[in-house]
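Enquirer: Below are the structure tokens for one structure; questions will follow.
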Amino acid sequence: MLIDAINEIFKIVTTGNKKYKMWMGFLSVLALIGISFVFTQIDQGLIATNMRDQVSWGWYIANFTFLVGLAAAAVVLVIPYYIYNYKPIGEIVLIGEIMAVAAVSMCLMFILLDMGSAERFWHLIPYIGIFNWPGSILTWDVIVLNMYLVLNLTLVIYALAKTYAGKPYKTKFIMPLIFFSVPAAISIHTVTAFLYLGAPARPFWNAAILAPRFIASAFCSGPAFMLIVFQIIRKTTKLKIEDKALHKVAEIVAWCMAVNLFLLGSEVFKEMYSATAHIEPFNYLWFGLRGNDQLVPWIWTAVIANSLAFLILIVPSIRKNFFMLNIACGFMFYGVYIEKGMGLIFPGFIPGTLGEIYNYMPNTLELWISLGVWAIGLMIFTVGAKICIAIKTGEIGHALEIPSDH
């Protein structure tokens, strides 16, 4: 049976309609271009990027931070379905966990890229490498990310294997792991936030609300991406996704964005009202500092995009219109991507320890490498989702033999 399953899965992955082949071909080209630039970075070192001593974390870490949130967002589907037994989400919960696998994979790739040379990865392994574990927060971040990756892989493989065999997968073995995935999802973004707010020399990041801000924004951008993907899936495949499932996710996202905007507003008030000596990174981001204002239009457009998304989603009659819902999701994805990326990482290094301002923006190499990583991640997600849909719809395996209440 195992050989038959592998053969069927291989056939599903390697065959498809014209749109599937074009999509995978497009991602493959982007991935190959990105890999070619990776070799340039390995040859020349990080000097090939626009990062310097003044700004040692750049576009790679910005993408890493955003993608940690994208991975954690799977819990938005896990809680309603497994804990509150909201059945309409049952058809899409595994796809959300596959997205978490793809997002964590991209996170780890960006960490390796930011190290400069991939052969240094062994230093990330506790007791084997030279990282200060358990003292290093970065090492803890790598550990919890790998734990979350293994956890979601286990859940997805077990659930799909059971479904393929025509058996319910919610067993005594898997349910404790599913419940554990909820605090695990929160922990990966919490530890990432600790990575920043634990840096005393960077006052811009020293905010106790950074961790809850990370979690709130993660529960916005991830589901926003998934809502668009789910609509594409139900139009291009046989998987039946109810409107009720999408509306419930949109409702959750609306209130998460309310919390995110509230926390952001609290942070803005604290900085502006207190106006301490540490306000310069804040001014650099929001208003410009000594004539340097390259990030100002980015952060303001991000806040406007998030606010418009919230206004659209908070009104039930508007968010149930899928055209308006997709606009809100696009705004939200863009807004959180900027807010947690260049809006968080870059200003943290301004001004430098000597008071200088280095206006960092990613160069062509960094952008192409990042696109390559995203392409690889989307390929992982596409392949995983295609296998999942084929099994759940009965195209392969015996899923149709499972009682409907499972």
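The values are calculated or read from the model by the stated rules, or taken from the named source; none is laboratory data. The structure displayed is predicted, hence computed values, not measured ones. Neighbour counts are summed over all protein chains in view; Cβ atoms, including those assigned to glycine, are modelled from backbone coordinates with ideal geometry.
Enquirer: Being loosely packed, with under 13 Cβ neighbours inside 10 Å, within 15 Å of Ile387 (Cα to Cα) and among the hydrophobic types (A, V, I, L, M, F, W, C) is the filter here, so list the residues in the range 3-29 that pass it.
Expert: Ile6, Phe10
Enquirer: Hey, another quick one. Of the conditions (1) surrounded by fewer than 22 Cβ atoms within 10 Å (Cβ to Cβ); (2) in contact with a helix residue (DSSP H, G or I) (Cβ under 6 Å, 6 or more places away or on another chain); (3) under 19 Å from Leu153 (Cβ atoms); (4) of a type in the set (A, V, I, L, M, F, W, C), Ile137 satisfies every one except a single condition; which number is it?
Expert: (3)
Enquirer: Hey, another quick one. When the residues of the range 237-247 are narrowed to those that are buried (at least 18 other Cβ atoms within 10 Å of the Cβ) and assigned to a helix (DSSP H, G or I), which ends up farthest from the chain's Cα centre (by Cα)?
Expert: The extreme case among them is Ala245.
Enquirer: Let me ask another. If you take the residues of the range 292-303 that are touching a residue at least 12 places away in the same chain (Cβ under 8 Å) and among the β-branched types (Val, Ile, Thr), which of them is nearest to Gly58 (Cα to Cα)?
Expert: Residue satisfying both the conditions and the ranking: Ile299.
Enquirer: What residue, of Val68, Val76, is touching a residue at least 40 places away in the same chain (Cβ under 8 Å), within 22 Å of the chain's Cα centre (by Cα) and farther than 27 Å from Arg120 by Cβ?
Expert: The match here is Val76.
Enquirer: Please count how many residues of the range 305-332 are polar (S, T, N, Q), more than 18 Å from Phe230 (Cβ to Cβ) and either free of Cβ contacts under 8 Å to residues at least 24 places away in the same chain or not in a helix (DSSP H, G or I) (or both).
Expert: Going through the range 305-332 one residue at a time, the tally reaches 1.
Enquirer: Tell me which residues, restricted to the range 282-304, are at negative phi and outside any helix (DSSP H, G or I).
Expert: Phe287, Leu289, Asn292, Asp293, Gln294, Leu295
Enquirer: Moving on. Ile279 - would you say it is among the hydrophobic types (A, V, I, L, M, F, W, C), modelled with pLDDT of 90 or more and in a helix (DSSP H, G or I)?
Expert: Answer is no for this residue.
Enquirer: Now a separate question. Return the pairs, sorted by first residue and then second, in which the second residue is of a type in the set (Phe, Trp, Tyr), the first residue lies in the range 258-282 and is surrounded by 13 or more Cβ atoms within 10 Å (Cβ to Cβ), the beta carbons are less than 7 Å apart, and the residues are 6+ apart or on different chains.
Expert: Ala258/Phe310; Leu261/Phe310; Glu271/Phe282; Pro281/Phe204; Phe282/Phe204
Enquirer: Given the conditions (1) closer than 25 Å to Asn206 by Cα; (2) within 25 Å of the chain's Cα centre (by Cα); (3) surrounded by 13 or more Cβ atoms within 10 Å (Cβ to Cβ); (4) among the β-branched types (Val, Ile, Thr), and given that Ile304 satisfies all but one, which numbered condition is not satisfied?
Expert: (3)
Enquirer: Report yes if Leu94 is within 26 Å of Pro176 (Cα to Cα), surrounded by fewer than 22 Cβ atoms within 10 Å (Cβ to Cβ), at pLDDT 85 or above and of a type in the set (A, V, I, L, M), otherwise no.
Expert: no
Enquirer: Something else about it: Of the residues that make up the range 118-128, is at least one within 21 Å of Ala224 (Cα to Cα), basic (Lys, Arg) and out of contact with any Gly (no Cβ under 6 Å at 6 or more places or on another chain)?
Expert: no
Enquirer: May I ask you to verify whether Lys170 is basic (Lys, Arg), at pLDDT below 90 and buried (at least 16 other Cβ atoms within 10 Å of the Cβ)?
Expert: The answer is no for Lys170.
Enquirer: I would also like to ask the following. When the residues of the range 30-48 are narrowed to those that are within 20 Å of Ala375 (Cα to Cα) and small (Gly, Ala, Ser), which ends up surrounded by the fewest Cβ atoms within 10 Å (Cβ to Cβ)?
Expert: Taking the candidates together, the pick is Ser36.
Enquirer: Considering the range 49-63 alone, what residues qualify as being crowded, with 18+ Cβ neighbours inside 10 Å and farther than 18 Å from Cys107 by Cβ?
Expert: Those that are crowded, with 18+ Cβ neighbours inside 10 Å and farther than 18 Å from Cys107 by Cβ: Thr49, Asn50, Met51, Val55.
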